[in-house]
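Engineer: Take this structure, written in structure tokens, and hold onto it; I'll ask about it next.
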Amino acid sequence: MSVLTAFVLGVTVLCTQVTSDSVCGGNHSGTTFGTIVATPGQGTCQWSIEVPWGSSVRLTFETFHLHDGEVAVYEHCNVGNQLGTFKGPDVPPSVTSYSNKMVVTMTSSGVGTGMGFLAHYEAVPVPRATMENSPDDNLSPLDIQDGCLTHTVGDCWATEDERGLQNCVCGGEYRVCYAVRCLTGTSAVMGKDGHWECRRYQESRGLKISGQTKFVPVPLIVQAVVGLVNWSLGNAFEEPDPQEQILADLQALDHRLDNLHGQLDSLQTHQNWAVDASLYAHSEQRLRDTLDYLTNVLYVDPAGQMQPSAAAQQWADTVLSTGQDGLFSVLNRFHEMVVGSSGLFGSKSLLLTYDAMLASTMPRDSVAYWNKLLWFYEYTYSLQVAGYSAWSTALNVKGRQAETPAVMARGRGKLSEQACFLEMYLREWPSGTYGLPMTNTGCPVAANVTWETGSRFQDTAGYNEWSDGLHFPADSFQSSTVRQEFCMKTSTDGGSGEWPAGSYCVFKKGACPDDFHEGHIIWDDVDVFNDNELSGAVPDGVYDANTEIHYCCREDGSYRTPIRLPIMAPFYLFRHQQGCQMVEGITSPVDEWFWFDDDDWFNHNELGGAHPYDDGDPDNHKVHYCFYQRDELAS
């Protein structure tokens with residue numbers, strides 16, 4: 001991966017012979033227009049564009065000539081929705097993102113690639129979708145009252161009074177309820193969680209689906225999500241008569257949502273989160289009821305019209321309402337909960353809230369944990385995809401087909417932003433074999449990677465020192481001894497992709513990953529009454545009365561340029577030369593150190609090749625560790 005670098009806006013950006021000594025791409029942010037000029041070399045160039053919030057980005061190509069390779073344009077980030085790919089001699093059409101962020105990549109082999117391209121970007125107004133008023137526009141979705149009647153903290157129940165049907169939850173000293181308003185043709189039934197659900201028939205929607213027993217790796221679940229977005233919001237709406245096909249696709253999605261919902265535990269509520277959980281429940285129920293009504297009550301007649309006509313019109317009015325039950329409000333709430341911008345759940349993402357709940361009942365490195373987390377992720381995404389599809393269908397029912405492109409753009413933009421936000425929590429560790437130091441919380445957590453653990457006990461001279469707040473495992477270090485504990489990936493199976501360019505080191509196990517260089521540290525442990533021990537999986541090295549550990553280090557990027565690694569759980573990297581490598585989603589890595597008081601007589605300490613940063617003296621090593629913990633855990 002090439003290294004990103006920032007250039008002065010409007011200055012030509014060249015990409016020639018992309019190597020560790022010649023970088024390409026750039027960061028363009030904070031202004032409303034700019035220019036990119038690119039000459040292809042060997043490798044990949046990436047430009048990140050960000051215009052002021054509240055605007056969209058329009059990219060217009062002035063010249064374009066690229067034979068070997070291609071240019072790709074993405075919404076928000078390079079795992080967002082792909083807005084287009086281009087190659088050849090023809091100038092592409094302009095491309096517009098919904099969000100205020102866009103990423104452009106150019107990949108080529110450097111042989112006969114053509115002249116490249118010149119493009120201008122500018123901030124333009126965001127496509128707007130018009131909504132309608134309804135009698136319920138000024139109603140809040142929640143009603144908060146003192147006391148829980150006969151219920152205790154966390155209880156959920158359904159009630160009916162002069163205000164109508166309500167679902168409630170007890171938050172301790174107060175209860176939170178939200179109104180349940182079913183569409184014509186459906187009626188309220190009691191669900192398995194004790195809440196009202198709107199259904200066409202007075203029967204349950206099926207048995208709970210048992211969870212999978214075999215883990216299915218999902219290296220980039222975001223790709224599947226983007227596929228969902230494209231399937232639901234893409235070419236289907238460009239067909240001459242899309243309604244019947246949309247209904248067929250949504251019916252299939254409706255069944256899948258039922259399956260996913262059956263595989264998930266209900267989102268449990270903490271006493272302080274009763275309001276938040278109720279807002280989630282209201283949004284989830286409204287989306288499911290809207291989809292259920294569309295797929296089970298309405299149908300398309302031979303003339304391509306939605307029937308029954310009166311029911312279709314009422315359904316469309318509700319969907320397009322600006323009130324709390326309208327999809328504009330519901331999808332907005334869902335989006336804010338997913339990215340953690342709503343202030344709900346302690347301003348944490350809905351996924352991280354669910355993660356915390358799962359982690360309290362099962363280990364994060366278990367198959368069951370990752371299955372449930374990925375199911376929840378797919379469920380919330382699929383639910384929103386269905387919502388945007390229903391929104392576009394409602395516009396068709398009202399004869400407002402011209403407005404569907406704005407809804408499509410909004411759906412792509414919002415879901416791409418969510419994909420970019422959540423991708424960092426669902427990444428896998430890179431492929432290959434290597435190791436990391438163990439932290440006081442154990443080995444790092446990510447899907448599809450199994451760590452083997454081991455340790456090296458070293459007898460030192462008696463005056464070890466360490467930085468405040470060291471995150472080594474408990475009881476592993478004292479003034480006269482230290483136990484280095486390891487998390488080793490010993491199999492080439494599992495993991496995905498390569499280590500990103502940067503400045504850092506890992507333990508060596510087998511061949512170093514691509515673009516890393518090998519080195520070692522030798523500790524001259526005490527000679528008298530030496531009790532050195534070795535157990536489990538350990539890095540390559542020599543382990544006898546002294547200790548020699550081998551490392552893999554790279555120095556092909558700035559430590560200030562954030563790299564992408566899994567951040568679901570804390571982890572260590574070794575500092576190399578410049579400073580602690582920045583990682584996306586972690587604002588402030590902690591530079592920690594351990595001073596090894598090595599043998600004082602005829603000391604044979606040694607540093608060789610590429611090794612972690614060591615600013616000790618010739619007879620004592622002082623090794624630097626970079627500790628990473630995602631921001632919401634560190635705060």
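Engineer: Just the residues that are modelled with pLDDT under 80 and in a helix (DSSP H, G or I), please, taken from the stretch 318-350.
Structural biologist: Those that are modelled with pLDDT under 80 and in a helix (DSSP H, G or I): Phe345, Gly346, Ser347, Leu350.
Condition check ((1) more than 30 Å from Ala368 (Cβ to Cβ); (2) of a type in the set (Val, Ile, Thr)) across all residues:
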| residue | (1), (2) |
| --- | --- |
| Thr441 | no, yes |
| Val449 | no, yes |
| Gly469 | yes, no |
| Glu485 | no, no |
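Engineer: Right, next: Here is a list of conditions, (1) free of Cβ contacts under 8 Å to residues at least 12 places away in the same chain; (2) in a helix (DSSP H, G or I); (3) of a type outside the set (Gly, Ala, Ser); (4) touching a Phe, Trp or Tyr at 6+ places or on another chain (Cβ under 8 Å), and Tyr369 meets all of them except one; can you say which number that is?
Structural biologist: All conditions are met except number (4).
Engineer: Moving to a separate point now. Check Gly579 against each of (1) outside any strand (DSSP E or B); (2) at pLDDT 95 or above and name the one condition it does not meet.
Structural biologist: Unmet condition: (2).
Engineer: Residue pairs, Cβ under 6 Å, 6 or more apart or interchain, first in the stretch 382-405 and closer than 14 Å to Leu294 by Cβ, second of a type in the set (Ser, Thr, Tyr). List them.
Structural biologist: The qualifying pairs are Val385/Ser232; Ser389/Ser232; Ala390/Thr290; Ser392/Thr404; Leu395/Thr404.
Engineer: With the structure loaded, tell me whether Ser416 is out of contact with any strand residue (DSSP E or B) (no Cβ under 7 Å at 6 or more places or on another chain), surrounded by 24 or more Cβ atoms within 10 Å (Cβ to Cβ), in a helix (DSSP H, G or I) and of a type in the set (S, T, N, Q) or whether it fails that test. So that I can check it myself, show each step before the final result.
Structural biologist: On the way: out of contact with any strand residue (DSSP E or B) (no Cβ under 7 Å at 6 or more places or on another chain): no; surrounded by 24 or more Cβ atoms within 10 Å (Cβ to Cβ): yes; in a helix (DSSP H, G or I): yes; of a type in the set (S, T, N, Q): yes.
So Ser416 fails the test.
Engineer: Got a number for residues in the stretch 90-116 being at pLDDT below 90, part of a loop (DSSP other than H, G, I, E, B) and not hydroxyl-bearing (Ser, Thr, Tyr)?
Structural biologist: As a first pass, look at the stretch 90-116 and keep what is at pLDDT below 90: 98-99, 105-116.
Among the residues that remain, those that are also part of a loop (DSSP other than H, G, I, E, B) are: 98-99, 110-115.
Next, from what is left, pick out any that are not hydroxyl-bearing (Ser, Thr, Tyr): 110-112, 114-115.
Counting residues in the stretch 90-116 that are at pLDDT below 90, part of a loop (DSSP other than H, G, I, E, B) and not hydroxyl-bearing (Ser, Thr, Tyr) gives 5.
Engineer: Across the stretch 6-65, what is the number of residues that are in a strand (DSSP E or B) and modelled with pLDDT under 50? First the steps, then the outcome.
Structural biologist: Just the residues of the stretch 6-65 that are in a strand (DSSP E or B), to begin with: 19, 22, 26-29, 33-38, 42-50, 55-65.
Retained after the next criterion (residues that are modelled with pLDDT under 50): 19, 22.
Adding up the residues that qualify gives 2.
Engineer: In this structure, is Phe529 in contact (Cβ under 8 Å) with a residue 24 or more places away in the chain, out of contact with any His (no Cβ under 9 Å at 6 or more places or on another chain) and closer than 22 Å to Asn448 by Cα? I'd like the intermediate steps shown before the answer.
Structural biologist: Working: in contact (Cβ under 8 Å) with a residue 24 or more places away in the chain: yes; out of contact with any His (no Cβ under 9 Å at 6 or more places or on another chain): yes; closer than 22 Å to Asn448 by Cα: no.
Spelling it out, it is not the case that Phe529 is in contact (Cβ under 8 Å) with a residue 24 or more places away in the chain, out of contact with any His (no Cβ under 9 Å at 6 or more places or on another chain) and closer than 22 Å to Asn448 by Cα.
Engineer: Filter the stretch 450-475 for residues that are free of Cβ contacts under 8 Å to residues at least 60 places away in the same chain and in contact with an Asp or Glu (Cβ under 6 Å, 6 or more places away or on another chain) and give the result.
Structural biologist: Scanning the stretch 450-475 gives a single hit, Pro473.
Engineer: I'd like to verify a number: residues in the stretch 82-95 that are β-branched (Val, Ile, Thr) and surrounded by 20 or more Cβ atoms within 10 Å (Cβ to Cβ), how many?
Structural biologist: Residues that pass the stated criteria total 1.
Engineer: Which pairs have Cβ atoms under 8 Å, sit 6 or more apart or on different chains, and link a residue in the stretch 150-177 that is assigned by TED's automatic domain parsing to the domain that holds His282 to one that is at pLDDT below 80 and among the β-branched types (Val, Ile, Thr)?
Structural biologist: Here the result reads none, with nothing in the stretch 150-177 linked to a residue that is at pLDDT below 80 and among the β-branched types (Val, Ile, Thr).
Engineer: Would you point out which residue out of Val445, Val407, Val449 is closer than 27 Å to Met102 by Cα and within 24 Å of the chain's Cα centre (by Cα)? Break it down stepwise before answering.
Structural biologist: Details: Val445 fails: closer than 27 Å to Met102 by Cα; Val449 fails: closer than 27 Å to Met102 by Cα.
Exactly one residue qualifies, and that residue is Val407.
Engineer: Are any of the residues in the stretch 471-485 assigned to a loop (DSSP other than H, G, I, E, B), crowded, with 16+ Cβ neighbours inside 10 Å and among the β-branched types (Val, Ile, Thr)?
Structural biologist: Within the stretch 471-485, not a single residue is assigned to a loop (DSSP other than H, G, I, E, B), crowded, with 16+ Cβ neighbours inside 10 Å and among the β-branched types (Val, Ile, Thr).
Engineer: Can Thr433 be described as among the hydroxyl-bearing types (Ser, Thr, Tyr), within 30 Å of Lys508 (Cβ to Cβ), in contact with a Lys or Arg (Cβ under 8 Å, 6 or more places away or on another chain) and modelled with pLDDT of 90 or more? Give the steps one after another, and end with the answer.
Structural biologist: Working: among the hydroxyl-bearing types (Ser, Thr, Tyr): yes; within 30 Å of Lys508 (Cβ to Cβ): yes; in contact with a Lys or Arg (Cβ under 8 Å, 6 or more places away or on another chain): yes; modelled with pLDDT of 90 or more: yes.
Judged against the criteria, Thr433 is a match.
Engineer: Exactly one condition in (1) in contact with a strand residue (DSSP E or B) (Cβ under 7 Å, 6 or more places away or on another chain); (2) over 25 Å from Gly497 (Cβ atoms) is not met by Gly387; state its number.
Structural biologist: It fails just one condition, (1).
The values are calculated or read from the model by the stated rules, or taken from the named source; none is laboratory data. Since we're looking at a predicted model, the values are computed, not measured. All Cβ positions, even for glycine, are placed from backbone atoms using ideal geometry, and neighbour counts span all protein chains on display.
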